[in-house]
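The values are calculated or read from the model by the stated rules, or taken from the named source; none is laboratory data. A quick note: this is a predicted structure, and the numbers were derived from the prediction, not measured. Virtual Cβ from ideal backbone geometry, glycine too; neighbours counted across all protein chains shown.
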Amino acid sequence: MKALVYEGARSVSVKNVPDARIERPTDVLVSVTTTNICGSDLHMYEGRAGMESGRILGHENMGEVVAIGEGVDKVRVGDMVCLPFNISCGFCRNCEAGKTAYCLTTNSDPLTAGAAYGFAGMGSHSGGQAELLNVPYGDHNCLVLPEEAQERQSDYVMLSDIFPTGWHATELAGLQPGESIVIYGAGPVGLMAALSAQLKSAAQVMVVDRHPDRLALAEEIGAIPIDDTLGSPIDQVNQLTNGAGADRGCECVGYQAHDPQGDEHPNLTLNNLVHSVRFTGGIGVVGIFLPQDPHSPDRLYREGEGEVAFDFGLHWFKGQTMGTGQCNVKAYNRLLCGLIEQGRAAPSWIVSHELPLEQAPQGYRHFDDREPGWTKVLLHPEESG
């Protein structure tokens, strides 16, 4: 099969590799029809996440079931399915508690919880930027989609990661109807957090970024765009909230946050949120932070196992709460699927480019360079020659 293989920092190529196949009775084999380039893929693409050379990338996947193991009970050949980026077993302690992002059995490292397709540090599972994908525990991990999904793949594929992750950010922040919320980062996850906040009837949704195309997408769904090149985003948020700060805040950037001058600060958005959110408000952090980053320009983060200079004193003084961590996709994907099916949500509004798999290296390069208009890239392996 053809697959996108990671070769080193900013080097990926489409190669012929051995076909994915059924390996265990509970496996499902999927012919991948749509797979996305995610912002978190860029951490690996840039050589900032310890990805091993030779791995197949891709954790935002959907496709058609082409084979099932003899132990699979409910998923059928021909089903269109979307796959949570978290690979989970469904029966360990964390999975039983709904914490499928922290499954205790699907990562071969006994000291680590959680596994994912084609992701550094999250097991040895191959990614889905390929023609075929093996899905462990298929009955548990496959979300069988409605019939219309074949024609609306650009909406339904978002259930694999970014739509649930955006929703998760607002859940971690504790957003309630009628509250205000500020979201740092108008990348795909930040835009999904803005969409989620609107669906939850937030009274005021503010989105901080500096890329005009991304801020325009936020404005399309009724969010207030805040350009941090025009002045302190903290001051702009306070101005919009009569000096009180937002009720809730979401961090959707992660450890490679940059200031408007282009300098990287892993603590930038975290501390901006502490200042931007009101006393007793809540903060949800879904942007990626890693315990190791030997290439960080920040000495504390580089040498201190992911330590950041955090304004904890002010955070404590303001009585704020903070929720963190990867999204437990299965906690939300079925409900969000209903919103798409009933026409309440169309997350594909952020999609800028749809490419055949052969053009994935160019797609990565343009997306990584944050070129204007490259907001979300979908790949279609079935269109490969």
Point to revise | Selection status of ARG248, among the basic types (Lys, Arg) and either touching a helix residue (DSSP H, G or I) at 6+ places or on another chain (Cβ under 7 Å) or surrounded by fewer than 16 Cβ atoms within 10 Å (Cβ to Cβ) (or both) | key: yes
Practice item. Looking only at the range 366-376, decide whether some residue is part of a helix (DSSP H, G or I), surrounded by 17 or more Cβ atoms within 10 Å (Cβ to Cβ) and of a type in the set (Asp, Glu). Key: no
Review point. Restricted to the range 298-357, and to residues that are more than 17 Å from the chain's Cα centre (by Cα) and aromatic (Phe, Trp, Tyr), which residue is surrounded by the most Cβ atoms within 10 Å (Cβ to Cβ)?
Key: TYR301
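Determine whether ALA67 is surrounded by 21 or more Cβ atoms within 10 Å (Cβ to Cβ), at negative phi and of a type outside the set (S, T, N, Q).
Details: surrounded by 21 or more Cβ atoms within 10 Å (Cβ to Cβ): no; at negative phi: yes; of a type outside the set (S, T, N, Q): yes.
Answer is no for this residue.
Would you mind listing the strands (runs of 3 or more DSSP E) fully within the range 3-69 where at least 2 residues are assigned by TED's automatic domain parsing to the domain that holds ALA360 and of a type in the set (S, T, N, Q)?
The strands (runs of 3 or more DSSP E) meeting that bar are 11-16, 28-37.
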Exercise for review: Go through the residues of the range 202-209 one by one and say whether even a single one is more than 18 Å from the chain's Cα centre (by Cα) and among the acidic types (Asp, Glu).
Suggested key: no
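Within the range 155-165, does at least one residue satisfy the condition of being more than 30 Å from PRO225 (Cβ to Cβ) and not assigned by TED's automatic domain parsing to the domain that holds GLU251? So that I can check it myself, show each step before the final result.
Residues of the range 155-165 that are more than 30 Å from PRO225 (Cβ to Cβ), as a first pass: none.
Scanning the range 155-165 turns up no residue that is more than 30 Å from PRO225 (Cβ to Cβ) and not assigned by TED's automatic domain parsing to the domain that holds GLU251.
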Point to revise | Odd one out for ASP139, checked against (1) buried (at least 17 other Cβ atoms within 10 Å of the Cβ); (2) among the charged types (D, E, K, R); (3) part of a loop (DSSP other than H, G, I, E, B) | key: (3)
